[in-house]
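Colleague: Here you go, one structure.
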2 protein chains.
Amino acid sequence: MAVSELKRTLIGKPFPTSQEIHERLDKVRALAVFASDPISSNAYATEAIMSVLIVLGSGALSLTLPLAMGVALLVLMVVFSYIQTILHYPDGGGAYTVAKDNLGKYPSLLAGAALLIDYVLTVSVSVAAGVRAVTSAIPAAYSHRVLIALLAIALITWVNLRGVRESGTVFALPTYAFVTGVLLTIAIGLLRYAGLFGLAPLPTFAESVPATNSIMGVAYVWLLLRAFAGGCTALTGIEAISNGVKAFKAPEAKNAALTMVAMGVIAMSLFVGITFLSTRMHLVPTEHGESILSQMTRQIAGSGILYYWVQTFTALILFLAANTGYQDFPRLSSFLANDGFLPRWMQNRGDRLVFSSGIVVLAIISALIVILFQADEIAMLPLYALGVMLSFTLSQSGMARLMGKIGKLQVGESAETANTKIHYEKNWRWKQALNIVGAITTGVVFIILMATKFVDGAWIVVLAIPLFVLLFDRINKHYKMVGQTLSTNQFVEDDLVDVANVVIVPVADIHRGTLRALQYAKRIASDVRAVCIATTPTIHQRIEARWAEFPKLTADVKLVIIDYDYRDILTPLVDYVETVNHDEFPNRLITVVIPEFVATDRIYDVLHNQTANLMRRRLRVEHENVIVIDVPYHIPSAKQDV
Amino acid sequence: MAVSELKRTLIGKPFPTSQEIHERLDKVRALAVFASDPISSNAYATEAIMSVLIVLGSGALSLTLPLAMGVALLVLMVVFSYIQTILHYPDGGGAYTVAKDNLGKYPSLLAGAALLIDYVLTVSVSVAAGVRAVTSAIPAAYSHRVLIALLAIALITWVNLRGVRESGTVFALPTYAFVTGVLLTIAIGLLRYAGLFGLAPLPTFAESVPATNSIMGVAYVWLLLRAFAGGCTALTGIEAISNGVKAFKAPEAKNAALTMVAMGVIAMSLFVGITFLSTRMHLVPTEHGESILSQMTRQIAGSGILYYWVQTFTALILFLAANTGYQDFPRLSSFLANDGFLPRWMQNRGDRLVFSSGIVVLAIISALIVILFQADEIAMLPLYALGVMLSFTLSQSGMARLMGKIGKLQVGESAETANTKIHYEKNWRWKQALNIVGAITTGVVFIILMATKFVDGAWIVVLAIPLFVLLFDRINKHYKMVGQTLSTNQFVEDDLVDVANVVIVPVADIHRGTLRALQYAKRIASDVRAVCIATTPTIHQRIEARWAEFPKLTADVKLVIIDYDYRDILTPLVDYVETVNHDEFPNRLITVVIPEFVATDRIYDVLHNQTANLMRRRLRVEHENVIVIDVPYHIPSAKQDV
């Protein structure tokens, strides 16, 4: 088949299950793999703060730096709190696992829903921001940004469906190149700012409009909170390492914790550096067009090699950040599917050992968001970071609970929770206190995010999270019902419903297809009944005459002709089947054999089997004790020889 | 079921086939039924000419009248030519039938395609024009015109799905009210124009901009042809009577012919009257907004009762004209379906004895056109009338052929064609000459329409007509192939493929569903094989252990466990079935029993049977000798009791 060949070409040949490799990452490569998302936030986080403050006049942009410092502090707190998680869940402890282990079903579903939504947004936001990096350098491409973004998503999807095998190395280059480029720019900028080495002093742009005094009091605080909320997008992706502890070389937990620290330090250095310089240079975010990072780099380093270096690797690291969504979303959805909260097929690995269904679902949803928001990441940001902040809160509350359990242990004692082992720890109170502070802080930030961004789009997420939880719950209840219904616990082999020795064959006309069906029916039962609904006397006579032409096949078959004065032949057919099942063979399985045309060209299917399809559907859903057998009769393609 | 109850409420209870009534119409009601389409064209035909001429300056609008006279002449010629058709095809002789009878398959398909397209446009154009009549009177409704048009289509569709039983009476009122209202307006207008009875002379509007001399020669002629083409929309619907001769009271053909004459005279009186007065009053078509007829009526009769009378019945007659599309399209498509050129289900009458499928198809396509053209009938006009003109040409060519056949008869001799009886006629040469002139004239007009409106949208129709013919042809070839394949002509009862005594049951797990399937399989064959694809050693062992738990049911069943190192379990399953079919039982039918979950809530189906569905589809299309049996196992709704 053409489709499967195309699939082979695009995706590559299947990998055997036994070939699954568990690549271990050293710290250098691990940092590159996991940090691309938080580090790449620097491409837009400063701008997200500024675009709120600009309402107060460009003079108010000087408030960007203190707000950025606040965000950086929050990041460091989350990082150190997550280190506890890593050390206590060495098998991988995402917010979903930690909440499930310590807080119960609904908090874990809440965390799962919040994170899934955020992972989708990671893809949409990162791709859109990556495209902005491209269009900042090449303004002519701006009008094609949605198309470029969709192509980027298609490319990332394709790479992930093929399965990324040597991801570490691929990731290392753009991540470190981006960090180096931006750090170099910041360094030159700081030197020029300080007037050292005889470098030209920094240019200052955009006449500062002093902060308007018209906005005061509550409204002023509200705007500051909104700006802070904007900066919180820098926190997304921090939790990724805690999910992937097992990907590290031994000692896994320790290496993961060290990598986490490095990630936090690097990401925040860039964030504070960019914010400091861009506010000192009085850069102003533009409605559509050049990003703050692009403006800053251009002014500091000119439009030379360094500028294009930074822009190129900004775009690349953002596309890589989108790629982390492709790691996180399918993994988390496979966890949820495994626990029966999402369709079971989401836990199946595809031909290339990746969670193909999760990848495809993610690609579709994130592409829709990109189209809906016209690839404008600034417009998407109000939806973003909300989920991740909720998951922080839940994960840290869970950790605080875990510390409580640890505190109850005797010195040297060990215990097991559902998902991890715990041992007595001397300083559990301090750790618990840190987690409680972390939970409260991120909880407050979550409320700030929700409140300040609510009307800008956060309401969508606030609405979507409980809807997802409801969906998970429904799916779970259904699977439980399936399990109960199918369970063989109280099953006695004689319980099974008997099969009645009767087959009903609906016939509209006598032709090779129906004769074949009759022959099959005679093979499996001795009481065979051909049922024909005659809507006109002509049809009645015709069927009787045709029937007589095949004495051998129709021998021992009862011909039931039902005269019917309406055109809806389905109703009397189903009625007949019901009567036979309920009156003649109650509590037994009866069989209906439907002759069916199969067109070799699928497109011709619309010309056939309308009644057969409707009948099969009705019997299937309404009558458990009716077995439907399709006897196919193939119609060759007309093109060949007519 | 909720759906079927809703259907009952909306559509009403089914009518028995025997209750089909053949209502006969007297001439007064028949005129109302058949003439609403051509008479209603007066709501836009004058405007269609003017909107082209306006390019030459408003002074050029005085050319509207001569062009309208040309159109009126054309109409009268077509009317008299069609009277011949009516007299020779008393059983109904639409262009499709006449072309089929005299010109052969492809000309008839051409006529069928052209007419079907035109009937769809009749609905879209008439509804849009009806909405314009509403918004001319109530300008505030203009911004909701697409919605109003869609509601009108929905209403007409609903009425037609219920089946219009007393259509004649319903149609009579608006048609005659419209004719009376407009004739009254014209009469008053003419009296005021002539200055009789002391009435105020007619106002003259819009300073005449003299015809620009910049457009000369070929371009000038081209514009005149375009304007004439615009006026030809008045010809649509004329052919309707020829299709419906059988709806008349006896003597059918004579009554139909007389009605046709009356229709032509009335429609053309209105057309010429409206055109004469509106050009004398120097009315100018406006880009969006008030129609010419509305302007004229308002100026002649003031904004009083007569104005609202005319506007109301303009809207109503236009909606009724749309309704004629609902008579013509389903009838013609049922003819085509009956001849095997459209899906057979299009010839089935629904619960209320109407061609429901045709009605629904028509509603969908015309609604799409209304949306696409934003309910602007002037924009749709370039697509309109093209099909009807082609069908005139074909129908009259066919009639000329028929006259040739008649000419070959001896005095008093009779003969039969496929669709009608012919007798010797003395003056056949004159009639044939009339038909030839008619065919040539309408053929030339068709070319003019096509050429002048090509870039404005006619290309769509020019492209669509042959595509439809191709589609009809393809469908017909397919049905022929079906007929050949199923034919029992050379059928010998022993030819049928033997049924092998083997059943394959794919199992993924042992539960009540699979046990039921096994039990059924054992009932219909003695060689039963349960096939399990084990993708991991754990699954392999588990299945073996579970199997041993049910010794009674699994007795005499062979358990085939296939270890497979990939995740795509469909491939080894299908491979196994293929091997059994080709190697063990070549040229025999083998049976596959698939255990299937049926969720009582259909929405949960997405959680089940993905593999079963794929497998059924593959076996069904690729393997004619494999019979697939679904053994359903019902999963109750989770809401009830979990």
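The values are calculated or read from the model by the stated rules, or taken from the named source; none is laboratory data. As the structure is a computational prediction, the values presented were derived from the model and not from experiment. Cβ sites come from the backbone with ideal geometry, for glycine too, and all protein chains shown count toward neighbours. The accessibility values were calculated without ligands, DNA or RNA, using every heavy atom of the protein model including side chains. Shrake-Rupley method; radii C 1.70, N 1.55, O 1.52, S 1.80 Å.
Colleague: Quick one: in the stretch B:544-569, which of the residues that are in contact with a strand residue (DSSP E or B) (Cβ under 6 Å, 6 or more places away or on another chain) and part of a loop (DSSP other than H, G, I, E, B) is nearest to A:M346 (Cα to Cα)?
Modeller: So the first thing to find is which residues in the stretch B:544-569 are in contact with a strand residue (DSSP E or B) (Cβ under 6 Å, 6 or more places away or on another chain), and the list is B:547, B:557-564, B:569.
Those still in the list that are part of a loop (DSSP other than H, G, I, E, B) too: B:564, B:569.
Working: B:Y564: 20, B:I569: 15 Å.
Looking at the filtered set, the residue picked out is B:I569.
Colleague: Would you call B:T286 farther than 19 Å from B:V179 by Cα, among the hydroxyl-bearing types (S, T, Y) and surrounded by fewer than 21 Cβ atoms within 10 Å (Cβ to Cβ)? Break it down into steps so the answer makes sense when it comes.
Modeller: Working: farther than 19 Å from B:V179 by Cα: yes; among the hydroxyl-bearing types (S, T, Y): yes; surrounded by fewer than 21 Cβ atoms within 10 Å (Cβ to Cβ): yes.
So B:T286 passes the test.
Colleague: Mind listing just one residue for me: the one in the stretch A:613-642 that is more than 8 Å from every other protein chain (Cβ to nearest Cβ) and touching a residue at least 60 places away in the same chain (Cβ under 8 Å) and, of those, least open to solvent (accessible area, probe 1.4 Å)?
Modeller: So the residue we want is A:M615.
Colleague: Go through the stretch B:486-500 and give me each residue that's more than 9 Å from chain A (Cβ to nearest Cβ) and in a loop (DSSP other than H, G, I, E, B).
Modeller: B:N489, B:Q490, B:V492
Colleague: Enumerate the helices (runs of 4 or more DSSP H) found wholly within the stretch B:314-432, keeping only those where 2 or more residues are over 24 Å from B:T175 (Cα atoms). Talk me through it step by step, then tell me what you get.
Modeller: On the way: elements: B:356-372, B:377-380, B:386-407.
The helices (runs of 4 or more DSSP H) meeting that bar are B:356-372, B:386-407.
Colleague: Moving on. Provide a single number: the residues in the stretch B:596-612 that are within 22 Å of A:D351 (Cβ to Cβ), open to solvent by 60 Å² or more (accessible area, probe 1.4 Å) and among the aliphatic types (A, V, I, L, M).
Modeller: The qualifying residues number 1.
Colleague: Suppose we filter the stretch B:358-377 for residues that are under 17 Å from B:T236 (Cα atoms) and touching a Ser or Thr at 6+ places or on another chain (Cβ under 6 Å); how many remain? Full working, then the answer.
Modeller: Of the residues in the stretch B:358-377, the ones under 17 Å from B:T236 (Cα atoms) are B:366, B:377.
Within this subset, residues satisfying the condition of being touching a Ser or Thr at 6+ places or on another chain (Cβ under 6 Å) are B:366.
Number of matching residues: 1.
Colleague: Just to verify a result, which residue in the stretch A:510-524, among those that are touching a residue at least 12 places away in the same chain (Cβ under 8 Å) and facing another protein chain (nearest Cβ under 8 Å), is most open to solvent (accessible area, probe 1.4 Å)? Before you say what the answer is, go through the steps one by one.
Modeller: First, the residues of the stretch A:510-524 that are touching a residue at least 12 places away in the same chain (Cβ under 8 Å): A:510, A:512-522, A:524.
Among the residues that remain, those that are also facing another protein chain (nearest Cβ under 8 Å) are: A:510, A:512-513, A:515-516, A:519-520, A:524.
Numbers: A:I510: 5, A:R512: 54, A:G513: 3, A:L515: 1, A:R516: 15, A:Q519: 32, A:Y520: 1, A:I524: 14 Å².
That would be A:R512.
Colleague: Same structure again: Go through the residues of the stretch A:31-41 one by one and say whether even a single one is closer than 20 Å to A:V444 by Cα and under 26 Å from the mean Cα position of the chain (by Cα). Even if it seems obvious, please write down each step before you answer.
Modeller: So the first thing to find is which residues in the stretch A:31-41 are closer than 20 Å to A:V444 by Cα, and the list is none.
Checking the stretch A:31-41: not a single residue is closer than 20 Å to A:V444 by Cα and under 26 Å from the mean Cα position of the chain (by Cα).
Colleague: Please indicate, with yes or no, whether at least one residue in the stretch A:45-54 is in the same structural domain as A:T175 (by TED's automatic domain parsing), assigned to a helix (DSSP H, G or I), at pLDDT 75 or above and under 25 Å from the mean Cα position of the chain (by Cα). It would help to see each step written out before you state the result.
Modeller: Taking the stretch A:45-54 first, the residues in the same structural domain as A:T175 (by TED's automatic domain parsing) are A:45-54.
Then keep just the ones that are assigned to a helix (DSSP H, G or I); that gives A:45-54.
With at pLDDT 75 or above added as a condition, the list becomes A:45-54.
Keeping just the survivors that are under 25 Å from the mean Cα position of the chain (by Cα) gives A:45, A:48.
Yes, some residue in the stretch A:45-54 is in the same structural domain as A:T175 (by TED's automatic domain parsing), assigned to a helix (DSSP H, G or I), at pLDDT 75 or above and under 25 Å from the mean Cα position of the chain (by Cα).
Colleague: What do you reckon, is B:L336 within 14 Å of chain A (Cβ to nearest Cβ), buried (at least 22 other Cβ atoms within 10 Å of the Cβ) and either touching a residue at least 24 places away in the same chain (Cβ under 8 Å) or small (G, A, S) (or both)?
Modeller: Working: within 14 Å of chain A (Cβ to nearest Cβ): yes; buried (at least 22 other Cβ atoms within 10 Å of the Cβ): yes; either touching a residue at least 24 places away in the same chain (Cβ under 8 Å) or small (G, A, S) (or both): yes.
Yes, satisfied.
Colleague: For A:R529, state whether it is facing another protein chain (nearest Cβ under 8 Å), touching a strand residue (DSSP E or B) at 6+ places or on another chain (Cβ under 9 Å) and not in a loop (DSSP other than H, G, I, E, B).
Modeller: No: the conditions fail for A:R529.
Colleague: Hey, among the residues in the stretch B:547-562 that are open to solvent by 50 Å² or more (accessible area, probe 1.4 Å) and within 11 Å of chain A (Cβ to nearest Cβ), which one's nearest to A:D494 (Cα to Cα)? Lay out the reasoning, then the answer.
Modeller: Here is the first cut: in the stretch B:547-562, the residues open to solvent by 50 Å² or more (accessible area, probe 1.4 Å) are B:548-549, B:551-552, B:556, B:558.
Cutting the leftovers down to within 11 Å of chain A (Cβ to nearest Cβ) gives us B:549, B:551-552.
Numbers: B:E549: 14, B:P551: 12, B:K552: 9 Å.
Among those residues, the one meeting the criterion is B:K552.
Colleague: Does A:Y576 satisfy being hydroxyl-bearing (S, T, Y), within 12 Å of chain B (Cβ to nearest Cβ) and within 53 Å of the chain's Cα centre (by Cα)? Show your work before the answer.
Modeller: On the way: hydroxyl-bearing (S, T, Y): yes; within 12 Å of chain B (Cβ to nearest Cβ): no; within 53 Å of the chain's Cα centre (by Cα): yes.
No, not satisfied.
Colleague: For the stretch A:467-482, does any single residue satisfy the condition of being within 22 Å of A:L121 (Cβ to Cβ), β-branched (V, I, T) and surrounded by 14 or more Cβ atoms within 10 Å (Cβ to Cβ)? Before the answer, list the steps.
Modeller: The initial filter retains those residues of the stretch A:467-482 that are within 22 Å of A:L121 (Cβ to Cβ), namely A:467-472.
Subset that is β-branched (V, I, T): A:469.
Filter once more, keeping what is surrounded by 14 or more Cβ atoms within 10 Å (Cβ to Cβ): A:469.
Yes.
Colleague: Follow-up. From the residues in the stretch A:570-595 that are surrounded by fewer than 20 Cβ atoms within 10 Å (Cβ to Cβ) and in contact (Cβ under 8 Å) with a residue 40 or more places away in the chain, which one is farthest from A:D495 (Cα to Cα)? Before the answer, list the steps.
Modeller: First pass over the stretch A:570-595, keeping only residues surrounded by fewer than 20 Cβ atoms within 10 Å (Cβ to Cβ): A:570-572, A:574-576, A:578-579, A:582-588.
Imposing the further condition that a residue be in contact (Cβ under 8 Å) with a residue 40 or more places away in the chain reduces the set to A:570, A:574, A:576, A:578, A:584-585, A:587-588.
Working: A:L570: 32, A:V574: 27, A:Y576: 27, A:E578: 22, A:E584: 20, A:F585: 17, A:N587: 11, A:R588: 12 Å.
It comes out as A:L570.
Colleague: Return yes when A:I365 is surrounded by fewer than 24 Cβ atoms within 10 Å (Cβ to Cβ), under 21 Å from A:L470 (Cβ atoms) and aliphatic (A, V, I, L, M) and no when it is not. Break it down into steps so the answer makes sense when it comes.
Modeller: Numbers: surrounded by fewer than 24 Cβ atoms within 10 Å (Cβ to Cβ): yes; under 21 Å from A:L470 (Cβ atoms): yes; aliphatic (A, V, I, L, M): yes.
Against the criterion (surrounded by fewer than 24 Cβ atoms within 10 Å (Cβ to Cβ), under 21 Å from A:L470 (Cβ atoms) and aliphatic (A, V, I, L, M)), A:I365 qualifies.
Colleague: In addition: Considering every residue within the stretch B:384-398, establish whether at least one is within 14 Å of another protein chain (Cβ to nearest Cβ) and touching a helix residue (DSSP H, G or I) at 6+ places or on another chain (Cβ under 8 Å).
Modeller: Here is the first cut: in the stretch B:384-398, the residues within 14 Å of another protein chain (Cβ to nearest Cβ) are none.
For the stretch B:384-398, residues within 14 Å of another protein chain (Cβ to nearest Cβ) and touching a helix residue (DSSP H, G or I) at 6+ places or on another chain (Cβ under 8 Å): absent.
Let's see how each residue does on (1) within 14 Å of chain B (Cβ to nearest Cβ); (2) under 28 Å from A:V55 (Cα atoms); (3) of a type in the set (V, I, T):
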| site | (1), (2), (3) |
| --- | --- |
| A:I274 | no, yes, yes |
| A:I292 | no, yes, yes |
| A:Q299 | no, yes, no |
| A:G304 | no, no, no |
| A:Y307 | no, no, no |
| A:N348 | yes, no, no |
| A:I365 | no, no, yes |
| A:I369 | no, yes, yes |
| A:D376 | no, yes, no |
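Colleague: For the stretch A:579-603, give me each residue that is assigned to a helix (DSSP H, G or I) and more than 42 Å from the chain's Cα centre (by Cα). It would help to see each step written out before you state the result.
Modeller: Initially, the stretch A:579-603 is screened for residues assigned to a helix (DSSP H, G or I), giving A:579-584, A:602-603.
Within the stretch A:579-603, A:T579, A:V580, A:N581, A:H582, A:D583, A:E584 meet the criteria.
Colleague: Answer yes or no: is there a residue in the stretch B:270-292 that is free of Cβ contacts under 8 Å to residues at least 60 places away in the same chain and either in a helix (DSSP H, G or I) or in contact with a Phe, Trp or Tyr (Cβ under 7 Å, 6 or more places away or on another chain) (or both).
Modeller: Step one: list which residues in the stretch B:270-292 are free of Cβ contacts under 8 Å to residues at least 60 places away in the same chain, which gives B:286-287.
Retained after the next criterion (residues that are either in a helix (DSSP H, G or I) or in contact with a Phe, Trp or Tyr (Cβ under 7 Å, 6 or more places away or on another chain) (or both)): none.
No, the stretch B:270-292 has no match at all.
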